Each structure stands twice: as structure tokens, then as C-alpha cells.
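These notes are about the structure you will find just below.
All of the numbers you see were taken from the coordinates with simple rules; none came from a lab. Keep in mind that this is a model prediction, so the values were computed, not measured. Every residue, glycine among them, receives a Cβ derived from its backbone with ideal geometry; neighbour counts consider all protein chains shown.
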Amino acid sequence: MKEGIHPNYQPVVFQDVAADFAILTRSTMKSSETIKWEDGNEYPLVKVDVSSASHPFFTGKRSEGSMAKQVDKFRNRYGQKKK
């Protein structure tokens, strides 16, 4: 491999701001923030809005009310009437 052309692949903590969830993995993402992890080491911290801990598809907390609204919107748009 050529030197100096590849990004730094390092341990990084991704933290979900919507849920109490964080995961330590490896990534090329950079961050000015750091966090002290369970092993006592300090790692770069990348905050994310949605992860598997807070996304409705993975949590099963999908709103049926919004699904009904989407179906009505579809029917209105394409001219299908309710039976």
C-alpha cells in the first residue's frame, strides 16, 4: 500500500443521542470530542441521531397512527377510495 493516501482507521465510539446507547467500533471518522470508555481508554466520540437502539423499525415501536395516515395519503394521491 502507498503511504499517506489512506485515512486513519481507528477505534471510535458512536453514541446515539436519542437513546442511552453507545458502541465502540473501528472507523475512519474524525471527531474533536472524546469519551472515556469502559476499558479506561479515551476514544473519539461521534454522536448520531438514530441507531438500532432508537429507530422504530428495530425497536418495534412503530406508530400505527402514522401508518394509517400514509395509507390515506396514498389513496388520496392515486384516487383509490376506501371500501
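Figures for the structure shown
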item: Cα gyration tensor, segment 1-40 - rounded (a/c under 1.5), prolate or oblate; result: prolate
item: Local net charge near ALA53, Cβ-Cβ under 10 Å (Lys/Arg +1, Asp/Glu -1); result: -2
item: Highest to lowest packing among 41-51, 25-35, scored as the average C-beta count within 10 Å; result: 41-51, 25-35
item: Distant-in-sequence amide H partners of LYS47 (H built 1.01 Å from N, under 5 Å); result: GLN15
item: Environment charge at GLN15 (Cβ cut-off 15 Å; Lys +1, Arg +1, Asp -1, Glu -1); result: -4
item: Rough spin-label spacing in nm, given labels placed 7 Å along Cα→Cβ, for ALA18 and LYS2; result: 4.0
item: Magnitude of the charge dipole, segment 6-58, Cβ model with Lys/Arg +1 and Asp/Glu -1, debye to 20; result: 200
